[in-house]
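What follows is a single structure, written as structure tokens, with notes after it.
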Amino acid sequence: MKTNRAVRTPGGLSLRLDLRAVTVVVLLLVAALAASVVLIGTGDFPIPASDVLKTLLGQGNPGQEFIVNELRLPRVLVGLLVGAALGLGGALFQAISRNPLGSPDVLGLGQGATAGALTVIVVLSGSAAQVTAGALVGGLVTGFAIYVLAWKRGVHGYRLVLVGIGVNAIVTAINGYLLTKADIVDAARAVVWMTGSLNGRGWDQVWPLLALCAVLVPLVLANARGLRMMEMGDDISNALGVRVERVRLLLLVAAVLLTASATAAAGPVSFVALTAPQLARRLTRSPGPNLLPSVCMGAALLVTADWASQRAFGADQLPVGVVTGVLGGAYLLWLLVTERKKGRI
């Protein structure tokens, strides 16, 4: 059965539509929204899904409106946005490096953002807003360092991954040093942040992340054709009219911003950026970066993991980063074994 269909717009523009990919995107969106409704209704004061929907439409009682709109909805929105940003950032890094291991977790961007946050916590004893800013700056500086160190007549494949692994090791050591120099209160605060959690997230985290995603997601999708051409190699891409280094730099900056902003909002939630693009590709069975499916998969994964962190362990509520770390670590081992059997590593 054909899964691709050509669609012609009234203006004469012809588009190729992958029906399977569209179906996957729709199903993932439905799954993410359904998980969000269930998650909003989960807690010490449970609310049925039907009442959650009524409250979101402005038909709930005052108590439900306070719990849903002020306490739980911001947390869920942060989870959706962080998952979407990490999924898209991971898809970009994997496409640019042409390596399934080329994710922000492996390249050290999460650790770089952590270093920025730890510097603010340990050295400056900064506020929550300053910690967020420090994480964003740390991620950007780390991304810039990786790009410069990996540059050699361009940035390519395994060199980007290898440099990222080296930077990751260095920044991890710096983070360990900062923790040893912190007093007990700051160290406890830092460890909680480093776990990756959506606890206590409010509208102050929603709006900046939403604004950034509203700018970067359309920008990335607009350059999806060039990114797909680049997978055939720089020479062919240049021959087809793609300005390779310009597109690569633009998308790398977007990926770094997405990853750093997600880390600043929720801490270093591990392995979502690694697993979301790979799972999306396996569902769509489509070549190319699968950017939009990765966005939806990342959002669905994170809100589902947040629900599991609250409900799957009895009375103990775990940070969402613990759940994604366990599941993502298992997936990484499976991916390494699979790649080894194929002779790629």
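Annotation: amide H of Asp18 within the under-5 Å range of Arg5, sequence separation 5 or more or interchain, hydrogens built in the peptide plane. Protein heavy-atom accessible surface, 1.4 Å probe, per residue over the chain: 49 Å².
Dipole of the chain computed with +1 at Lys/Arg Cβ and -1 at Asp/Glu Cβ about the Cα centre; of Thr114, Ser125, Leu178, farthest Cα towards the positive end is Thr114.
Summing Cβ point charges (Lys, Arg +1; Asp, Glu -1) relative to the Cα centre of segment 4-339 gives a dipole of roughly 1160 debye. A simple count of charges around Ile47, restricted to other residues whose Cβ falls under 12 Å of its Cβ and scoring Lys, Arg +1 and Asp, Glu -1, yields -1. Helices that extend 20 Å or more along their long axis by alpha-carbon positions and average at least -0.5 on the Kyte-Doolittle scale are, among the DSSP H runs of the chain, 19-40, 73-97, 128-150, 157-180, 203-222, 244-266, 291-311, 320-341. The alpha carbons of segment 4-339 occupy a box of 61, 55, 37 Å along the principal axes, longest dimension given first.
The values are calculated or read from the model by the stated rules, or taken from the named source; none is laboratory data. Note that the structure is predicted; figures quoted are calculated from it, not measured. No Cβ is skipped: glycine too gets one built from the backbone with ideal geometry, and neighbour counts run over all protein chains shown. We work out accessible area using only protein heavy atoms, side chains counted, and drop any ligands, DNA or RNA first. Shrake-Rupley method; radii C 1.70, N 1.55, O 1.52, S 1.80 Å.
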